[in-house]
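Let me begin by presenting the structure, written as C-alpha cells, before commenting on it.
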Amino acid sequence: MNPLNHVAIIMDGNGRWGLKYKSSRNEGHKAGLNTVEKIIKESIKQKINFLTLYAFSTENWNRPKKEIDYLFNLLEYFLSQKIDDLHKKDIKLNIIGIKNFSKKLNKLLNFSEQKTSKNTTLQINLALNYGSKFEILDSVKKMKRNNDKINEKNLSKYLQTKNIPDPEILIRTGNTKRLSNFLLWQLAYSEIFFEKKLWPDFNEKDYIRIIKKFKKIKRNFGNI
Ligand code: IPE
Ligand code: IPE
Ligand code: MG
C-alpha cells in the first residue's frame, strides 16, 4: 500500500454548477465551500498531513470584476467565520501565492496563518493568486541572487512549498484535463485523477474512492 501524505486539488466546476442549478456562477462558488469543509474533515480522518487547495490562480484575474470581488468576499467570510474552528481542529493554514490583496484581506490571511502556525494535525496550503511558472522563475532568480548552485535541491528550497513533500495525488474535478499552472514542479511524479463531477457535487465517497485506488497503484519512479 502506498503511503499518503499530501493531496493537491484543483477545485474546478463551481461556475458551471452555479449556472446549472441556481442560474448564477457565484452561487456555485458558495456551494463549493461546503465541499471544502467535507474534504478537510475527511482528510483528517484519513490521516493526511498536507492538503493543497487551488482557490485562485494568477490567471483568474482575467475574470469579470464582479466574480473576483465575490470570490474574495467569500474567502473573507469563510476565514472570519471558520478560523477558530480550524484552529480547534489543530489545522495549520498556509497561504501559497502572492498576497497582494486588499489591506483587510492581507491582514486576515496573516492573522489566520499566525494563529494556526503551531498546529500539526493537518496543514492546508491554500493557493491564492498562485501561478506555478511565476513560482519557479522566482526560485531561479533567488538561487542566482544568492549565488547558490543551480540544482533541484536549491530550486525546491525557494519554492513556496519548501519543507512540504510533493503531493502523491492530484485531483481535478470539473471534467477538464489540464493543470492550469498548478504545482508544475511538485507534480512531476504525482498520480493524477481527473473527476467528471463539478466541485460542489464532489463528496467524501468520491474522495475515499480515489484514495483507495491510489493506495493500490504500482508507483515505478522510473524503475520496473
Ligand atoms: C473553480 O471553478 C473555482 C475558481 C477558479 C475560483 P470555476 O469558477 O473555474 O468553475 P467553472 O470551471 O467555470 O465551472
Ligand atoms: C483553475 O481553474 C484554478 C482554480 C481552480 C482555482 P480554472 O477554471 O481557472 O482553469 P482554466 O482557466 O479553465 O484552465
Ligand atoms: Mg474552471
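The values are calculated or read from the model by the stated rules, or taken from the named source; none is laboratory data. If you're wondering where the values come from, they're calculated on a predicted model, not measured in any experiment. All Cβ positions, glycine included, derive from the backbone under ideal geometry; neighbour counts span all protein chains shown.
Go through (1) more than 14 Å from ligand 1 (Cβ to nearest atom); (2) in contact with an Asp or Glu (Cβ under 7 Å, 6 or more places away or on another chain) one by one and return the number of the condition residue 37 breaks.
Just one mismatch for residue 37, condition (2).
Do we have residue 30 as without any contact (Cβ under 8 Å) to a residue 40 or more places away in the chain and either out of contact with any helix residue (DSSP H, G or I) (no Cβ under 6 Å at 6 or more places or on another chain) or of a type in the set (Phe, Trp, Tyr) (or both) here?
Judged against the criteria, residue 30 is not a match.
For residues that are hydrophobic (A, V, I, L, M, F, W, C) and assigned to a helix (DSSP H, G or I), tally how many sit in segment 34-59.
Of the residues in segment 34-59, 4 are hydrophobic (A, V, I, L, M, F, W, C) and assigned to a helix (DSSP H, G or I).
For segment 124-135, indicate whether the set of residues that are of a type in the set (Lys, Arg) and either over 26 Å from residue 39 (Cα atoms) or in contact with a Lys or Arg (Cβ under 7 Å, 6 or more places away or on another chain) (or both) is non-empty.
Checking segment 124-135: at least one residue is of a type in the set (Lys, Arg) and either over 26 Å from residue 39 (Cα atoms) or in contact with a Lys or Arg (Cβ under 7 Å, 6 or more places away or on another chain) (or both).
If residue 50 satisfies all but one of (1) within 16 Å of ligand 2 (Cβ to nearest atom); (2) hydrophobic (A, V, I, L, M, F, W, C); (3) crowded, with 19+ Cβ neighbours inside 10 Å, what's the number of the condition it fails?
The single condition residue 50 does not satisfy is (1).
From the list 83, 96, 40, 68, which residue is surrounded by 13 or more Cβ atoms within 10 Å (Cβ to Cβ), among the aliphatic types (A, V, I, L, M), within 20 Å of residue 203 (Cα to Cα) and at pLDDT 95 or above?
Answer to the check: 40.
Counting only residues that are more than 30 Å from residue 196 (Cβ to Cβ) and out of contact with any helix residue (DSSP H, G or I) (no Cβ under 9 Å at 6 or more places or on another chain), which one in segment 134-162 is surrounded by the most Cβ atoms within 10 Å (Cβ to Cβ)?
Applying the filter and picking the extreme gives 138.
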